[in-house]
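One structure is given here, and the rest of the page talks about it.
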Amino acid sequence: MDLQAIRDNVADLRARVGDAEVMAVVKADAYGHGLVPSARAAVQGGASWLGVAFLEEAIALRAAGLGHRVLAWLYSPTEDLAPAVAADVDLGVYNQAELARVVAAAEQTGRTARVHLKADTGLSRGGSPVAEWPDLVEAAAKAQAGGAVDVAGVWSHLASSEEGPGHALNQQQKAAFAEALDVARELRPEVRHLANSAALLTDPDTHYDLVRAGASVYGLVPAPAFGDFGLRPAMTLVAEVVLTKRVPAGSGVSYRHRYTTSDETTLALVPLGYGDGVPRNAGNAVPLRIKGKRYIVAGVVAMDQLVLDVGDDDVQPGDEVVLFGAGGPTALEWAEAIGTIDYEIVTRVGSRVPRTYVGEQ
Ligand SMILES: *Cc1c(COP(=O)(O)O)cnc(C)c1O
């Protein structure tokens with residue numbers, strides 16, 4: 001993991017959004033990059049907010065000494081919210097039941113809880129439907145007047161931001177967000193926020209006061225049709241060849257012989273598999289790099305290992321294998337080869353794979 005890439009990417013994003021602040025989204029172990037080191041690098045690069053899905057993630061940031069604003073937006077109906085309020089974590093709120101639970105947690109802790117009311121402007125995931133929005137705003141206004149909560153944010157999330165500002169759904173959602181803000185104007189939220197990475201890169205109209213940047217922080221490619229914006233991948237997944245052997249033409253390779261050697265050749269064994277997050281269907285599809293040359297995975301990926309057909313090339317046990325990352329192949333190339341997005345490729349890398357960091361400060 002290249003922490004300097006995270007710092008530089010965040011600094012670049014900050015420069016793109018003018019006066020808006022940057023929230024570095026570090027959910028899911030910072031998209032597989034490691035929660036605390038990634039969060040530290042992001043704040044060093046200029047992020048003033050951190051974003052997570054779950055309360056545990058927010059508490060872990062606090063435990064590591066990160067005192068920045070943290071927003072958590074997903075918790076269960078039975079979870080105790082008091083520890084998060086006590087830890088000064090901002091909470092996403094989607095409906096009146098959640099608001100009531102935050103108010104109760106505020107009373108229990110004797111603190112004012114900061115909430116971010118989320119409007120569902122078309123994703124149909126979290127957030128208040130348009131029909132319930134005025135009542136949620138009114139309930140929040142009451143709670144704010146009573147001192148239990150401070151409505152710090154009003155926000156929403158886009159469904160097709162990677163399509164760019166011209167796409168009809170983005171135009172609809174932007175208009176719906178503007179209406180939701182208008183309904184909530186008396187709450188005087190400190191920050192209005194809509195943009196994820198793709199929106200912040202492609203559409204300045206979405207920047208408002210704060211942008212929620214995840215993929216772009218890690219140098220992924222959130223809107224491939226618009227290019228990579230010069231961001232640098234922070235994660236490089238590497239392994240070592242553990243074994244090589246010569247086999248004859250016509251040798252079936254890996255489970256169910258989905259690959260057969262066409263000539264006498266050298267096979268190289270790489271000790272990473274789907275137990276480490278290399279998708280099983282990466283077999284016969286994705287490239288890896290050894291000494292500057294690329295080889296497609298031969299046959300299916302097993303739980304712990306995969307095989308490369310390196311022909312007559314000089315590949316030896318101990319040689320470094322780059323699965324994806326800086327210098328390529330990119331996580332995006334992997335994603336496109338197997339029909340997913342690069343977010344999933346990096347986030348899947350399993351806990352069995354040791355994380356090492358360069359560029360620490
Ligand atoms: C994950 C997430 C983000 C970050 O999205 P990227 O596309 O990775 O920038 C922003 N907002 C919400 C609500 C999210 O769940």
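For the stretch 51-140, averaging the sequence separation of C-alpha pairs within contact (under 8 Å, six or more residues apart) and dividing by the residue count gives a relative contact order of 23 percent.
Give me the distance between the Cα centres of the stretch 273-333 and the stretch 192-251, rounded to whole Å. Value for the Cα centre distance between the two parts: 18 Å. Compared with the dominant principal axis of the Cα atoms in the chain, helix 96-109 is inclined by about 80°.
If you add up the charges near Lys293, with Lys and Arg at +1 and Asp and Glu at -1, over every other residue whose beta carbon is less than 13 angstrom from its beta carbon, what do you get? Every neighbour counted, the sum reads -3.
Can you give me the relative contact order of the chain as a percent, contacts being Cα pairs under 8 Å and 6 or more apart? Computed over the chain, the figure is 15 percent. Here Ile296 sits with roughly 90 square angstrom of accessible surface, probe radius 1.4 Å.
Ordered by solvent-accessible area of protein heavy atoms (1.4 Å probe), largest first, the residues Thr244, Thr261, Thr356 come out as Thr356, Thr244, Thr261. Taking the DSSP bridge list for the chain and keeping only pairs wholly inside it, about 45 percent are antiparallel.
Residues whose amide H comes within less than 5 Å of that of Gly273, counting only those at least five positions distant or on another chain, are Val278, Gln305 (H built at 1.01 Å from N in the peptide plane). Based on every Cα atom in the chain, Rg and the maximum pairwise Cα distance Dmax equal 23.3, 79 Å.
Per residue, the average separation of C-alpha pairs within less than 8 Å and at least 6 apart gives the stretch 210-361 a relative contact order of 25 percent. Compute the separation of the alpha-carbon centres of the stretch 1-42 and the stretch 141-187 and state it in Å as a whole number. If we compute the Cα centre of each part, the gap is 23 Å. The solvent-accessible area of Tyr357, taken with every protein chain present and a 1.4 Å probe, is close to 60 Å².
Taking a point 7 Å from the Cα of Val247 along the Cα-to-Cβ direction, the residues of the stretch 262-281 with backbone N closer than 14 Å to it are 262-270.
The C-alpha atoms of the chain define a longest principal axis, and helix 3-16 lies at about 50 degrees to it. Between Arg185 and Glu320, the distance separating the two model label sites (each 7 Å from Cα on the Cα→Cβ line) works out to 5.7 nm. For Asp312 and Ile338, a Förster radius of 35 Å and the Cβ-Cβ distance give a FRET efficiency of 0.80, rounded to the nearest 0.05.
Pairs exceeding a 23 Å alpha-carbon distance, out of Lys27/Lys293; Lys142/Lys174; Lys27/Lys142; Lys118/Lys142; Lys245/Lys291: Lys27/Lys293; Lys142/Lys174; Lys27/Lys142.
Taking Cβ atoms as reference points and 10 Å as the exclusive limit, the residues near Glu333 contribute a net charge of -1, counting Lys and Arg as +1 and Asp and Glu as -1.
The values are calculated or read from the model by the stated rules, or taken from the named source; none is laboratory data. In this text, all values refer to a predicted model and were calculated from it rather than measured experimentally. Heads up, the Cβs are rebuilt from the backbone with ideal geometry, glycines too, and the neighbour counts pull from every protein chain shown. The area values use the complete protein model at the heavy-atom level, side chains included, leaving out ligands, DNA and RNA. Shrake-Rupley method; radii C 1.70, N 1.55, O 1.52, S 1.80 Å.
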